[in-house]
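The values are calculated or read from the model by the stated rules, or taken from the named source; none is laboratory data. Model, not experiment: these values are computed from the prediction. Cβ placement follows ideal geometry from the backbone for every residue including glycine, while neighbour counts extend to all protein chains displayed. With ligands, DNA and RNA removed, areas are computed over all heavy atoms of the protein, side chains included. Shrake-Rupley method; radii C 1.70, N 1.55, O 1.52, S 1.80 Å.
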Amino acid sequence: MLSSMKRAGVIGILILAFFGIAVSNYLVRQEEIGAPLLCDIESLSGCNVVVESVYSHLFGIPLASYGLFFYTLLFVLAAFEIVLAHTFLRRGIQVFALSGIAISVYSVYTQAVVIRALCIYCLTSAFITLLVLI
């Protein structure tokens, strides 16, 4: 059985993954219906610039769809980890979180340096992934 501290950490990951699913789902849904994103937060109002850039798709698929897959798989892994308390699942979550951080760092760099616009949803996703890793 998981120790209470590890169990709390995995429950935290489950909650963070849920929020990641919500953010990604919003982005995917807005892309599907062709509606602009709601983002008007001081200097972080470049959401639509970011999602309309050539960098917002990989192999013709919106990056938000990859995010939705990432957070859904993370949620499932965390749920199984709570029930099964298996080292393999814990390592899978860690490896998955590390890959998510690497992608998030590249994404934030691309937004800030290449596109020169910041998306609050993308930054939120990167922050969620960082918290999952921690």
Task: Residue match in the stretch 26-37 (condition: under 21 Å from Arg90 (Cα atoms), of a type in the set (Phe, Trp, Tyr) and within 13 Å of the chain's Cα centre (by Cα)) - done: no
Open item on the list: Which numbered condition in (1) buried (at least 17 other Cβ atoms within 10 Å of the Cβ); (2) more than 16 Å from the chain's Cα centre (by Cα) is the only one that Ala97 fails?
Closed with: (2)
Open item on the list: Can you confirm whether Leu123 is aliphatic (A, V, I, L, M), assigned to a helix (DSSP H, G or I) and under 20 Å from Val28 (Cβ atoms)?
Closed with: yes
- [ ] Kindly establish whether Ser24 is buried (at least 18 other Cβ atoms within 10 Å of the Cβ) and polar (S, T, N, Q).
- [x] yes
Task: Selection from the stretch 4-21 of residues that are within 12 Å of the chain's Cα centre (by Cα) and open to solvent by 60 Å² or more (accessible area, probe 1.4 Å) - done: Phe18, Phe19
Open item on the list: Of everything in the stretch 61-91, what is open to solvent by 70 Å² or more (accessible area, probe 1.4 Å), touching a helix residue (DSSP H, G or I) at 6+ places or on another chain (Cβ under 9 Å) and aliphatic (A, V, I, L, M)? Give them in sequence order.
Closed with: Leu63
- [ ] Search the stretch 44-60 for residues being β-branched (Val, Ile, Thr) and open to solvent by 70 Å² or more (accessible area, probe 1.4 Å), and hand back the single one that is modelled with the lowest pLDDT.
- [x] Val49
- [ ] For the stretch 92-134, name all the residues that are at positive phi and either touching a helix residue (DSSP H, G or I) at 6+ places or on another chain (Cβ under 7 Å) or at pLDDT 95 or above (or both).
- [x] none
- [ ] Within the stretch 46-57, identify whether any single residue is small (Gly, Ala, Ser) and out of contact with any Ser or Thr (no Cβ under 9 Å at 6 or more places or on another chain), and answer yes or no.
- [x] yes
